[in-house]
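Student: Encoded as structure tokens, here's the structure I'll be asking about.
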Amino acid sequence: MKIKYISTLLLICIFSVTICAQEASFTNFPKCTEYPKSVLAKKNVWVFIMAGQSNMAGRGVVEPMDTISNPRLLSINSNGELILAKEPLNLYEPIMKGLDCGVSFGNELLKHIPDSVSILIIPTAVGGSSIDQWVGDSLHRGVKLLTNFRQKVAIAKKYGKIKGVLWHQGESDAKQPLVTTYSEKLKVLFQNFRTILENKKLPILTGEIGTFTIDATFQNAINTIIVKNAEKDKYTFLIQTHDFTDKGDKLHFDSKSQRIMGERFAQKYIEIK
């Protein structure tokens, strides 16, 4: 009886710690939604779409600094309505979402563009999604990936002009035999993005995936493909992420790295626009 009591108590303690840890990860999530105070002219709204898997969807810890709104930095809610952007931006995976690079990207970009321009960041990334699932428009974690991308593009066009896509993906393909076909599928997907957006010259900004494991052979192989694709595709551009650190799980970028990634994406866009 005593052993059974101790086991039950242990289970209760473990469950409590799990719940507390989950609540702690949501501590700094914004408590309210803010909306723009005026209707914005479409010509003055630059739209960027975030796509890929978990490191673009965001898994970092949100801190108060990440939830300070800017009237010129926008996102959308689940109804497709304009809101002021606050982390986390992800509309999917409610129990897993965390800090992404969207707000840091927007805030950095705003420093370099005319005061009359606002930035709209639209999230479409879903954690764990492979390149096959994107190309094949698969249903993944409740989201039909390319269909959702297409739907978000339609929403984006109502509000402004789409200026580019931020893409980060590859962790799910860093294994045999998937890595051997990654290059061709990446080309096909980027062609699909540009077809959907009706822009053959659409800038797509990409970043390398993390190499945090002891044996990162396949991650390095994916990164080689990502780098070569940016070299060959005139309208695809690369940012470096090799100096990033993980959040302790050997997979996801920590909060500092997420913010730097956003800043580097913005600096790269300013460089190429």
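The values are calculated or read from the model by the stated rules, or taken from the named source; none is laboratory data. Note that the structure is a prediction, hence the values are computed from the model and not measured. FYI the Cβ positions are ideal-geometry reconstructions off the backbone, even for glycines, and counts take in every protein chain you see. SASA here: full protein model, heavy atoms, side chains in, ligands and nucleic acids out. Shrake-Rupley method; radii C 1.70, N 1.55, O 1.52, S 1.80 Å.
Student: Can you give the Rg to Rh ratio for the range 126-255, taking only C-alpha atoms and Rh from Kirkwood?
Tutor: 0.96
Student: Can you name the helices of the chain, as whole DSSP H runs, whose Cα span along the helix axis is 24 Å or more and whose Kyte-Doolittle mean is not below -1.0?
Tutor: Qualifying helices: 2-25, 255-272.
Student: Taking all pairs of different Cα atoms in the range 114-175, averaging 1/r and flipping that mean, what Kirkwood radius in angstroms comes out?
Tutor: 13.1 Å
Student: Now for a separate question. Roughly speaking, to the nearest percent, how much of the chain's 1.4 Å accessible area is carbon and sulfur?
Tutor: C and S atoms contribute 58 percent here.
Student: If you roll a 1.4 Å probe over the heavy atoms of the protein chains, what accessible area per residue do you get for the chain, in Å²?
Tutor: 50 Å²
Student: Same structure again: Determine the sum of side-chain charges near Leu189: Lys and Arg each +1, Asp and Glu each -1, restricted to other residues whose C-beta is under 14 angstrom from that of Leu189.
Tutor: Net charge in that neighbourhood comes out at -1.
Student: Could you give the nm distance between label points at Tyr235 and Ser69, where each point is 7 Å from its Cα heading toward the beta carbon?
Tutor: Taking the simple label geometry, Tyr235 and Ser69 are separated by 3.4 nm.
Student: How large is the charge dipole for the range 33-189, taken about the Cα centre, if only the Cβ atoms of Lys, Arg (+1) and Asp, Glu (-1) carry charge, to the nearest 20 debye?
Tutor: The dipole of the range 33-189 has a size of about 620 debye.
Student: With each run of n ≥ 4 DSSP H residues scored as -39500 (n - 2.57), what mean residue ellipticity at 222 nm is computed for the chain after dividing by its residue count and rounding to the nearest 500 deg cm²/dmol?
Tutor: Mean residue ellipticity, 222 nm, calculated: -12500 deg cm²/dmol.
Student: Ok, one more. Can you give the charge dipole size of the chain about its Cα centre, rounded to the nearest 20 debye, using +1 on the beta carbon of Lys and Arg and -1 on the beta carbon of Asp and Glu?
Tutor: 840 debye
Student: Another question about this same structure. For Thr206, Thr33, what's the largest-to-smallest order of accessible area, 1.4 Å probe?
Tutor: Thr33, Thr206
Student: May I ask you to order 255-261, 199-205 by the average number of other C-beta atoms within 10 Å around their residues, highest value first?
Tutor: Going by the mean number of other Cβ atoms within 10 Å, highest first, we get 255-261, 199-205.
Student: So in the chain, what percent of DSSP beta bridges are antiparallel if you round to the nearest 5?
Tutor: 25 percent
Student: For the chain, modelled as a Gaussian network with Cα springs under 10 Å, which listed residue fluctuates most, Tyr159, Tyr35, Tyr182?
Tutor: Tyr35
Student: Here's another thing I want to ask about it. Among Thr206, Thr67, Ile113, whose Cα lies farthest out toward the positive end of the dipole of the chain, if unit charges sit on the beta carbon of Lys, Arg (+1) and Asp, Glu (-1)?
Tutor: The residue sitting farthest along the positive end of the dipole is Ile113.
Student: Averaging the inverse of every distinct alpha carbon separation and then flipping it gives the Kirkwood radius. What is it for the chain, in angstrom units?
Tutor: Hydrodynamic radius (Kirkwood, Cα only) of the chain equals 19.3 Å.
Student: Considering the chain as a Gaussian network with a 10 Å cut-off on Cα pairs, which listed residue, Ala216, Ala156, Ala230, attains the greatest mean-square fluctuation?
Tutor: With Cα springs under 10 Å in the chain, the top fluctuation among Ala216, Ala156, Ala230 is at Ala216.
Student: Once Rh for the range 192-273 is found with the Kirkwood sum over Cα pairs, what is the Stokes-Einstein diffusion coefficient at 4 °C and 1.567 mPa s, in µm²/s?
Tutor: 93 µm²/s
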